[in-house]
Structures are given as structure tokens and as C-alpha cells.
1. Quickly run through segment 134-143 and pick out the residues that are touching a residue at least 40 places away in the same chain (Cβ under 8 Å) and not hydroxyl-bearing (Ser, Thr, Tyr).
2. Kindly evaluate residue 80 against the criterion of being closer than 22 Å to residue 16 by Cβ and either under 13 Å from the mean Cα position of the chain (by Cα) or within 16 Å of the ligand (Cβ to nearest atom) (or both).
3. What's the total number of residues in segment 5-17 that are within 16 Å of the ligand (Cβ to nearest atom) and either of a type in the set (Ser, Thr, Tyr) or not in a strand (DSSP E or B) (or both)?
4. Exactly one of (1) under 25 Å from residue 64 (Cβ atoms); (2) more than 11 Å from the ligand (Cβ to nearest atom) is unmet by residue 203. Its number?
5. For a quick check of your reading: which helices (runs of 4 or more DSSP H) sit entirely within segment 72-156 and have at least 3 residues that are under 24 Å from residue 207 (Cβ atoms)?
6. Scan segment 106-133 for residues that are touching a Ser or Thr at 6+ places or on another chain (Cβ under 9 Å) and either without any contact (Cβ under 8 Å) to a residue 12 or more places away in the chain or under 18 Å from residue 182 (Cα atoms) (or both) and jot them down.
7. Could you list, in sequence order, the residues of segment 152-172 that are closer than 22 Å to residue 129 by Cβ, under 15 Å from the mean Cα position of the chain (by Cα) and not aliphatic (A, V, I, L, M)?
8. Only one of 123, 171, 156 is of a type in the set (Gly, Ala, Ser) and under 23 Å from residue 81 (Cβ atoms). Can you tell me which?
Amino acid sequence: MRRTVIAGNWKMNMTPSETKAFIEALAPMVAGKDKCDIVLCVPFVDIATAVEAAKGTNIKIGAENIHFEEKGAYTGEISAKMLKEIGTEYVIIGHSERRQYFGETDATVNLRTKAALAAGFKAIVCLGEVKEERLSGITNEIVRMQTKLDLAGIPAEDLKNVIIAYEPVWAIGTGLTATPEQADETCGVIRECIAELYGAAAAEEITIQYGGSMNDKNAAELLAKVNVDGGLIGGASLKTDAFTAIVNAANL
Ligand code: PEP
């Protein structure tokens with residue numbers, strides 16, 4: 001059975017001291033909620049503090065990006081080895097904000113995913129259509145193409161460490177949420193594509209999250225869908241009560 005993963009994406013929010021206070025408050029609220037994995041992906045400077053604060057809890061810590069080279073002249077970038085040494089377990093790759101504002105492409109998403117897997121991280125690979133693509137009726141083609149390009153050359157044995165986050169770009173940070181039916185259908189298309197690439201068993205196993213304005217009000221309906229195996233949550237992951245409500249919805 002595939003795991004449900006509820007992951008927060010803090011984006012460019014929270015200082016180290018705020019991180020410590022947040023995790024200390026959240027930990028007792030989500031203690032024992034073991035029907036899902038609980039992850040907080042935080043800014044690089046918060047990771048060490050987050051790992052320390054989450055020790056002995058069921059909260060795991062992730063980064064929001066990773067560079068694909070081992071080291072060298074890549075000013076401003078962070079390597080797998082750096083992330084590993086401070087206790088990072090998960091890495092978000094190819095978030096739409098990276099694609100939109102920082103020139104991330106499917107080719108660099110693929111390189112970063114390979115680097116993350118080689119270093120033993122769980123890679124949360126984000127993909128999804130923009131508004132015009134949904135309106136033109138080409139969502140399925142877009143997510144199939146992204147799935148193929150983002151996972152190109154990744155061997156079947158590494159797929160157990162890949163989580164796909166289906167994030168329609170028009171729903172991220174906008175308050176617009178895909179309907180449960182849209183989320184289920186498109187996560188299903190991605191799953192079919194995984195089946196074509198890696199076989200039916202791998203497709204059954206892989207965790208496919210939905211992300212895009214998931215919150216305490218809509219989480220239960222979205223998570224009830226057969227192809228939705230969790231959520232990647234931005235805004236609502238910055239509030240302990242909203243994030244806990246989403247974790248609770250995954251533990252019904
Ligand atoms: C995200 O950052 O991946 C996200 C889905 O953000 P939000 O929940 O705020 O839409």
C-alpha cells in the first residue's frame with residue numbers, strides 16, 4: 001500500500017527561531033498520527049534548527065531545492081552533501097515557483113531529481129499545468145510530458161524514493177483549488193503514465209500528492225480520492241492548526 005504524505009512547503013517564510021517555536025507547538029498536535037508521513041520542507045537556513053526541534057517526533061524535515069552538481073562554482077546553490085550532513089530527509093524539486101521565477105526546466109528538474117536520489121533523499125517532484133493549458137484542454141498531455149521528462153533515466157529501483165506532487169499552477173497560492181474530481185483525474189493520468197514507464201505495480205506504489213490551496217476546509221474531500229495520496233501544502237502549512245487539520249484529514 002502506498003503511503004499518504006502530508007508535506008508543508010514553507011517557501012520563503014520563517015526564521016530559525018520561528019521554526020523552533022513552530023515545530024515545538026506542532027509536534028504534540030500531530031503526535032501519533034501515523035496514517036501519513038508528516039514532512040516540513042523549510043528554507044535552507046532553517047533546516048538544522050528544524051531537524052533538532054523535530055528529533056523524537058513524527059515530523060520529518062525537507063529542503064525546498066537541491067543543486068545537481070556535487071560542489072563547485074555555483075554561487076547561491078546548496079549541494080546534496082550539505083543537506084545530508086544537517087539531517088535533511090526530503091527535497092522538493094521543480095516547484096512551479098522555481099519554474100516560473102528561476103528558470104527551472106524539466107531538464108534541470110530531472111538532473112536535480114537524479115542528484116537527490118543518488119544521495120538517498122526522498123524527492124518530491126512537482127509538476128502541473130498552467131491555467132491556459134487547462135483551459136485549452138491539454139492538461140493530460142502536459143502532465144504526461146512532464147512526468148516523462150522529469151523522470152527520464154531514473155531506474156525503477158529508485159522510484160520508491162520519488163513522490164510526485166501534482167500542482168496545477170493556477171491553484172498555487174491563489175485560493176483556487178482543483179475540484180476533488182479534477183485532482184483525482186489528473187493524479188490518475190500521472191499514475192497511468194508511471195504504469196507505462198515502470199509497470200502497474202510501480203504505479204500502484206507511488207505516492208502522488210495534490211497541491212494547490214489545500215487547506216483545513218477542503219483537505220478531507222481531496223484526500224478521500226483514490227488517486228490523491230497526500231498533499232503539498234504552502235500557505236496552510238504556516239499555521240499549526242490548519243496544518244494539523246490537514247494531517248487529521250489524512251488520518252480518518
Ligand atoms: C505549494 O507551495 O506547493 C502550494 C501548493 O501552495 P498553496 O498551498 O499556498 O497553494
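The values are calculated or read from the model by the stated rules, or taken from the named source; none is laboratory data. Note that the coordinates shown come from a computational prediction; the quantities given were computed from them, not determined experimentally. No Cβ is skipped: glycine too gets one built from the backbone with ideal geometry, and neighbour counts run over all protein chains shown. Accessible surface areas use protein heavy atoms only, side chains included; no ligands, DNA or RNA. Shrake-Rupley method; radii C 1.70, N 1.55, O 1.52, S 1.80 Å.
1. Within segment 134-143, 140, 143 qualify.
2. No: the conditions fail for residue 80.
3. Summing the residues that are within 16 Å of the ligand (Cβ to nearest atom) and either of a type in the set (Ser, Thr, Tyr) or not in a strand (DSSP E or B) (or both) in segment 5-17 gives 5.
4. For residue 203, the exception is condition (1).
5. The qualifying helices (runs of 4 or more DSSP H) are 80-85, 96-101, 106-118, 139-150.
6. Hits for segment 106-133 are 126, 127, 128, 129, 130, 133.
7. The answer is 166, 167, 168.
8. 123
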